[in-house]
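These notes concern the structure reproduced below.
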Amino acid sequence: MSWLTDLLAQYGDDFAKAMAETGYMMLVSLLSAALIGLPVGMIVFLTERGGIAENRVVNLIANLYINVVRSFPFLLLVVFLIPFTRFVMGTSFGTQAATLPLCFVAVAIYARLTEQILREIPPGISKVARASGATVPQAVFLMFLPEARSGLVYALTSAAISLLSYSTVLGVVGGGGIGDFAMRYGYQVYNDNLMYLTIVIIIVCVLAIQAIGHRTSVRLDHR
Amino acid sequence: MKKSRLALAAAGLGLALIVTACAPAAEQKPDAENAAPVTLKVAAVTAPMTDVVTAAGEAIEDGYKVELVEVGDYITANTIVNSGDVYANFSQHVPYMETFNEGNDGTLVGVQPVYNFLIAFYSKTLDDIADLPEGATVAIPDDPSNTGRALKLLAANDVITLDPAVDPYAATTKDITENPKNLEFLQVPIASLNAAYEEADLVFQWPSHIIALGLTPQKDGLITELDPVFALNLVVQKKDADSAATEALKKAFTSDEVRAVIEDNGTIETAW
């Protein structure tokens, strides 16, 4: 195992920095998924034909956002957004700036997952909402969200794992993170041990995210 | 009926793939005048390297044919030569190739320098490197050999000092011993350095990329370097270094056809 201690001694600091960068990118993008993506997905569900707040224009715009963002190969979305990121953040390089395109895709992914979860709750609930004369906020907070919460947590788990994967290409704008670490200190200099070790660590992270998400989801499932 | 035809087509495609995969990368010497020409596969990643390979294909002597194999990245270009899947590549300078050899027990050699170019640092705001402000952001490449090259150029102009114990061609930002202006280094891929030009104080770039911003090293470079070590080389396996096929390739890569491509490009110059 001496190769392992050698690697740690040589790359420990860079690795810790990369993990912190990935943690930052994941945290901010997951927050935007939950705080913006979930409402957008709810809006798509409520405004589609036959929904309790049918509205073609709003539905079209929300769907267009989700579809367009998800169509971009992610690397090209990052590059495409460089002028926008510079305008909003003052710079388009570095970890903070790199998080902006990640948030765009986080919102789009989670909005679509939210819509899918909501479509699967029993149609009777929409009928009850209508018949009981509930307002839209009442229906959302008292009926749809409680019914869907287990699935929504599970979907957020899935989104988190996708975002971890997306975050690995942000080295292209100096975002750093664990994927960039594996590329620069492993792949580019043919340090295969370091590259494989990093991949194993990423796998462990994914397993942990999946386990936490699964447990939380099961606990919230009241069916 | 339709199904079986589809299956037949699929089988045919599969067979074709197997046959192509099994075909040797190159025979050493064409036998007779009437024999089919020997195909030499040459890997390249992007223009102008791909254009040079195409021009060399037009110039190569009878008995040989050059087939351009376009690959997605510079490491793959080396992997497939080292494994014998293609005969040669034209994608790199010798230091980059040596890094590959060291990391992969590779046996690649550079057999013919073909073109070279002036690398430079550019700035949107400064006219003189001496005016670099305290704490300025300097954008440099993130791959090992170009990182070393960028730092070496800065050190040659006394902007920073590098650890004398370290091979300057292999230097990293950790080998900077003196940084009197407290410069901050931003490391991004070559392809992102043009975008960095808009906001960093000083940016390293290759002429083939900076031309997209209307800049040239001769006119706009604050500091420049032309180092023969970094001439783009034709690369083959060591065992093929002196073969007749390699001689034919070397002749083709230094032909008038290739010279014309290099001169038309405007950002590069011949290195033979």
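The table for this structure:
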quantity	calculated
Test result for B:Asp73, at pLDDT 90 or above and acidic (Asp, Glu)	no
Index of the failed condition, A:Ser92 passing every other in (1) within 30 Å of B:Tyr197 (Cα to Cα); (2) within 19 Å of the chain's Cα centre (by Cα); (3) of a type in the set (Gly, Ala, Ser)	(2)
Test: B:Ala248 is away from chain A (no Cβ under 14 Å), buried (at least 20 other Cβ atoms within 10 Å of the Cβ), under 27 Å from B:Asp62 (Cβ atoms) and more than 17 Å from the chain's Cα centre (by Cα)	yes
Single unsatisfied condition, B:Ala139 versus (1) within 10 Å of chain A (Cβ to nearest Cβ); (2) surrounded by fewer than 20 Cβ atoms within 10 Å (Cβ to Cβ); (3) touching a helix residue (DSSP H, G or I) at 6+ places or on another chain (Cβ under 8 Å); (4) modelled with pLDDT of 95 or more	(2)
Number of the exception - B:Ala195 against (1) under 20 Å from B:Tyr74 (Cβ atoms); (2) within 14 Å of chain A (Cβ to nearest Cβ); (3) of a type outside the set (D, E, K, R); (4) assigned to a helix (DSSP H, G or I)	(1)
Qualifying positions in the range B:202-218 - β-branched (Val, Ile, Thr) and buried (at least 23 other Cβ atoms within 10 Å of the Cβ)	B:Val203, B:Ile210
Test: residue in the range B:187-201 that is under 28 Å from B:Glu102 (Cα atoms), out of contact with any Asp or Glu (no Cβ under 7 Å at 6 or more places or on another chain) and either crowded, with 21+ Cβ neighbours inside 10 Å or not hydrophobic (A, V, I, L, M, F, W, C) (or both)	yes
Those residues of the range B:90-104 which are under 16 Å from the mean Cα position of the chain (by Cα) and closer than 14 Å to B:Lys238 by Cβ, in sequence order	B:Val94, B:Met97, B:Glu98, B:Phe100, B:Asn101
Those residues of the range A:1-49 which are in a loop (DSSP other than H, G, I, E, B) and either touching a Leu at 6+ places or on another chain (Cβ under 7 Å) or under 30 Å from A:Gly133 (Cβ atoms) (or both), in sequence order	A:Glu48, A:Arg49
Condition broken by B:Thr177, with the remaining ones in (1) touching a Leu at 6+ places or on another chain (Cβ under 9 Å); (2) buried (at least 20 other Cβ atoms within 10 Å of the Cβ); (3) away from chain A (no Cβ under 14 Å); (4) not in a loop (DSSP other than H, G, I, E, B) satisfied	(2)
Test: A:Ala97 is of a type outside the set (Asp, Glu), modelled with pLDDT of 95 or more and under 30 Å from B:Asp201 (Cα atoms)	yes
Candidate set from the range B:46-76 (those that are in contact with a strand residue (DSSP E or B) (Cβ under 7 Å, 6 or more places away or on another chain) and either of a type in the set (Lys, Arg) or within 14 Å of chain A (Cβ to nearest Cβ) (or both)); member that is surrounded by the most Cβ atoms within 10 Å (Cβ to Cβ)	B:Tyr74
Test: residue in the range A:136-145 that is among the aromatic types (Phe, Trp, Tyr), away from every other protein chain (no Cβ under 14 Å) and assigned to a helix (DSSP H, G or I)	yes
Residues located in the range A:46-104, provided they are surrounded by fewer than 16 Cβ atoms within 10 Å (Cβ to Cβ) and within 14 Å of chain B (Cβ to nearest Cβ)	A:Pro73, A:Leu75, A:Leu76, A:Phe80, A:Pro83, A:Phe84, A:Phe87, A:Val88, A:Met89, A:Gly90
Only one of A:Gly186, A:Gly179, A:Gly174 that is touching a strand residue (DSSP E or B) at 6+ places or on another chain (Cβ under 7 Å), within 14 Å of chain B (Cβ to nearest Cβ) and within 27 Å of A:Ser92 (Cα to Cα)	A:Gly174
Single residue of A:Ile52, A:Ile66 found to be aliphatic (A, V, I, L, M), part of a loop (DSSP other than H, G, I, E, B) and in contact (Cβ under 8 Å) with a residue 40 or more places away in the chain	A:Ile52
Selection count where residues are buried (at least 19 other Cβ atoms within 10 Å of the Cβ), within 14 Å of chain B (Cβ to nearest Cβ) and within 17 Å of A:Leu164 (Cα to Cα), scope the range A:189-205	0
Residue that is nearest to B:Ala191 (Cα to Cα) [pool: residues in the range B:78-93 that are buried (at least 20 other Cβ atoms within 10 Å of the Cβ) and away from chain A (no Cβ under 14 Å)]	B:Ser91
Of residues in the range B:94-115 being at pLDDT 95 or above and more than 14 Å from every other protein chain (Cβ to nearest Cβ), the one farthest from B:Leu68 (Cα to Cα)	B:Thr107
Condition met for B:Ala136 (of a type outside the set (D, E, K, R) and touching a residue at least 24 places away in the same chain (Cβ under 8 Å))	yes
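The values are calculated or read from the model by the stated rules, or taken from the named source; none is laboratory data. Just so we're clear, the structure is a prediction, and the values are computed from it rather than from any experiment. Counting neighbours? That spans all protein chains shown, and the Cβs are built from the backbone with ideal geometry, glycine included.
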